[in-house]
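Peer 1: The structure follows.
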Amino acid sequence: MMQNQELKIYNTLTKKNEKFEPLHAPFVGMYVCGPTVYSNAHLGNCRTFVSFDIVFRYLLHCGYKVRYVRNITDAGHLENDADVGEDKIGKKAKLEQLEPMEIVQRYTVDFHNVLQLFNTLPPSIEPTATGHIIEQIEMTKTIIKNGYGYELDGTVYFDVEKFSKEYPYTQLSGRNLEELLNNTRDLGGQNEKKGRLDFALWIKAKPEHIMHWPSPWGEGFPGWHIECSAMSSKYLGSEFDIHGGGMDLIPTHHTNEIAQNIACHHKAPARYWIHTNMLTVNGQKMSKSLGNSFLPHELFTGNHSLLERGYSPMTVRFFMLQAHYRSTLDFSNEALQAAEKGFVRLMNAMKLIGDLKTSNVSTFNIQQLTSNMYAALNDDFNTPIALAHLFDAVRIINSVNDGKETITQEDKNILQKLMNDFVFDIFGLKEENTQNSNKIDGLMELIFDIRNQAKANKDFRTSDGIRDSLKSIGFEIKDGKEGTSYTMNN
Ligand code: AMP
Ligand code: ZN
């Protein structure tokens, strides 16, 4: 732990790198907008949650006691992120003739499984929108009482015009309010609203809407933005340290969340706003509606037209670490193949480190290496730079192993701890498939023995047959001076 260096976080609210000072150290409260569970999480969604996993892991590593709240949106998120249209989950439920809660359950389980494959830590609390209807109604009531909400025929709107006269409504997005007002389309059915930018806190349920609850304004359901305000206030208080999500949430969802919190508690919810950039494919945001998304399991199996072959979860995690969370990350087969090589090289070095021979002097400066690695993460969680320094360490490990450089016992202990901390605890990488590959090695030895026996008996039909059969299931074998070896195609 490098307590002597200070952590700086880029704050979307102030557009500055700021020193991280928790409100009640050593406690840290962090809220991240979770998924809307109406379909399988695609790789772009995963990137956002892996990025926050690094933030979570690094804060824990620094000794903070983090309460990480990540919600599940299981109601209220309408199509096009708007106030009108069908509920995303309700629509899927109708399409598949299932209960909305069956949809929710199916995709929540999928989301958890996928994030577990990527070795992300579970959040401390994972609240659902449907489990907090009462809190959302209460918050809406307070917003009305404080003069920032009004009811129209069973729907409650937030009065953006009134709010924006008193508070900088567009501070987070940095957009011009006038321009926004002029550019907002007049959506059909919303004409009664006082202002075009007003958004719904509570929405009256139409007869065909499946999920609805009783409220002081009649049967309805909560708006998408109020759930995050209600749940973050409930579990982290009206003011907490970090709020995060994908950059696409800045202009509407997060802007409205801030407005709701101020209107209810007279305080902005979070001090530091962290936003992650998008995973792109050929420069375009990966999204389900653009048809350029793939699911993690397609990536692992290689079963997708964009993929030349499959890549393992840790290869993909390593690939994500190679970009800073505020930069876009463009998917390509070449980049994943390079990541795979890097990951294997790193893991090989991790295996060597324990057995390195020590001597009286070290030919490198362990303090410098350590401080470089921490400096990178303290500079707004800069994983690509930290990774570059990690590879300085990999080079040193390999050189010491080759007898070209030397290391003292003391430095070896420090280096081993440093590498374990960064690779496993902070970056969340882990060994893959070693057990399975050991078993495959054993099986192959057995098959090679049978084949050698056949060859010795001049039974070439059997020996060639074994080779051809192995090839047809993806094992290429090669006879060399040192015996037979194999490569496994994905
Ligand atoms: P949703 O389930 O659509 O509400 O999205 C869940 C999270 O994934 C949000 O924080 C989005 O910002 C994020 N997200 C969606 N598409 C991408 C993408 N292509 N790259 C990175 N994050 C994304
Ligand atoms: Zn949210």
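Peer 1: How are the alpha carbon pair distances in the chain distributed across 10 Å bins from zero to the largest one, expressed in percent?
Peer 2: Result, from short to long distances: 4, 17, 24, 22, 15, 9, 6, 3, 1, 0 percent.
Peer 1: So what J values fall out for the range 250-266 if you push phi through Karplus, 6.51 cos²θ - 1.76 cosθ + 1.60 with θ = phi - 60°, rounded to Hz, Gly and Pro as x?
Peer 2: Going residue by residue, I get 4, x, 10, 4, 6, 4, 6, 4, 4, 4, 4, 5, 5, 5, 8, 9, 6 Hz, with x marking Gly and Pro.
Peer 1: Still on this structure, please answer the following. Rank by packing, highest mean first: peptides 302-311, 5-14, 247-256, with packing defined as the count of other Cβ atoms within 10 Å averaged across residues.
Peer 2: 247-256, 5-14, 302-311
Peer 1: Still on this structure, please answer the following. Given a cut-off of under 8 Å on Cα pairs at least six residues apart, what relative contact order in percent is computed for the chain?
Peer 2: 16 percent
Peer 1: Still on this model: In this model, which of LYS455/LYS478; LYS91/LYS141; LYS234/LYS288; LYS65/LYS417; LYS357/LYS417; LYS351/LYS412 are farther than 23 Å apart at the alpha-carbon?
Peer 2: LYS91/LYS141; LYS234/LYS288
Peer 1: Among GLN416, SER359, ILE397, whose Cα projects farthest towards the positive end of the dipole of the range 291-426, with charges put on the beta-carbon of Lys, Arg (+1) and Asp, Glu (-1)?
Peer 2: SER359
Peer 1: What does the accessible area per residue of the chain come to in Å², with a 1.4 Å probe and no ligands, DNA or RNA counted?
Peer 2: Per residue, the chain has 47 Å² of solvent-accessible surface.
Peer 1: Between TYR486 and GLU86, what is the FRET efficiency for a Förster distance of 56 Å, r being their Cβ-Cβ separation, to the nearest 0.05?
Peer 2: 0.60
Peer 1: Next up: Highest first, please rank the peptides 329-336, 282-289 by the mean number of other Cβ atoms sitting within 10 Å of their residues.
Peer 2: Going from most to least packed, we get 329-336, 282-289.
Peer 1: Points 7 angstrom from Cα along the Cβ direction at LYS417 and GLU178: gap in nanometres?
Peer 2: Output for this residue pair reads 6.0 nm.
Peer 1: Looking at the chain, what % of its DSSP beta bridges pair antiparallel, to the nearest 5?
Peer 2: 55 percent
Peer 1: Cross-link list LYS145/LYS193; LYS145/LYS204; LYS92/LYS267: which exceed 26 angstrom alpha carbon to alpha carbon?
Peer 2: Checking Cα-Cα distances, LYS92/LYS267 exceed 26 Å.
Peer 1: Have a look at the DSSP beta bridges in the range 227-285 and tell me what percent are antiparallel, nearest 5.
Peer 2: 25 percent
Peer 1: Could you tell me the distance between the Cα centroids of the range 25-44 and the range 332-368, to the nearest Å?
Peer 2: Value for the Cα centre distance between the two parts: 32 Å.
Peer 1: Okay, moving on. Stretch LYS288-PHE424 to full length: gain in nm at 0.36 nm per residue minus the Cα-Cα span?
Peer 2: 45.8 nm
Peer 1: Right, here's the next one. Would you mind telling me the antiparallel percentage of the DSSP bridges in the range 8-276, rounded to 5?
Peer 2: Bridges in the range 8-276 are about 50 percent antiparallel.
Peer 1: What 222 nm value per residue comes from the helices of the chain, counting each DSSP H run with n ≥ 4 as -39,500 (n - 2.57) and dividing by all residues, nearest 500 deg cm²/dmol?
Peer 2: It comes out at -14000 deg cm²/dmol, rounded to the nearest 500.
Peer 1: To the nearest 20 debye, what charge dipole does the chain have about its Cα centre, counting +1 at the Cβ of each Lys and Arg and -1 at the Cβ of each Asp and Glu?
Peer 2: 700 debye
Peer 1: Looking only at Cα atoms, what is the convex hull volume of the range 228-380 per residue, in Å³?
Peer 2: Each residue corresponds to 180 Å³ of Cα convex hull volume.
Peer 1: Rounded to the nearest 0.05, what FRET efficiency do GLU96 and GLU192 have when you use their Cβ-Cβ distance and R0 = 35 Å?
Peer 2: Efficiency, rounded to the nearest 0.05: 0.55.
The values are calculated or read from the model by the stated rules, or taken from the named source; none is laboratory data. Bear in mind the structure is a predicted one, so any value in this text is a computation, not a measurement. Cβ: placed from backbone, ideal geometry, glycine included. Neighbour counts: every protein chain shown. These accessible areas exclude ligands, DNA and RNA; they are computed on the full protein's heavy atoms, side chains included. Shrake-Rupley method; radii C 1.70, N 1.55, O 1.52, S 1.80 Å.
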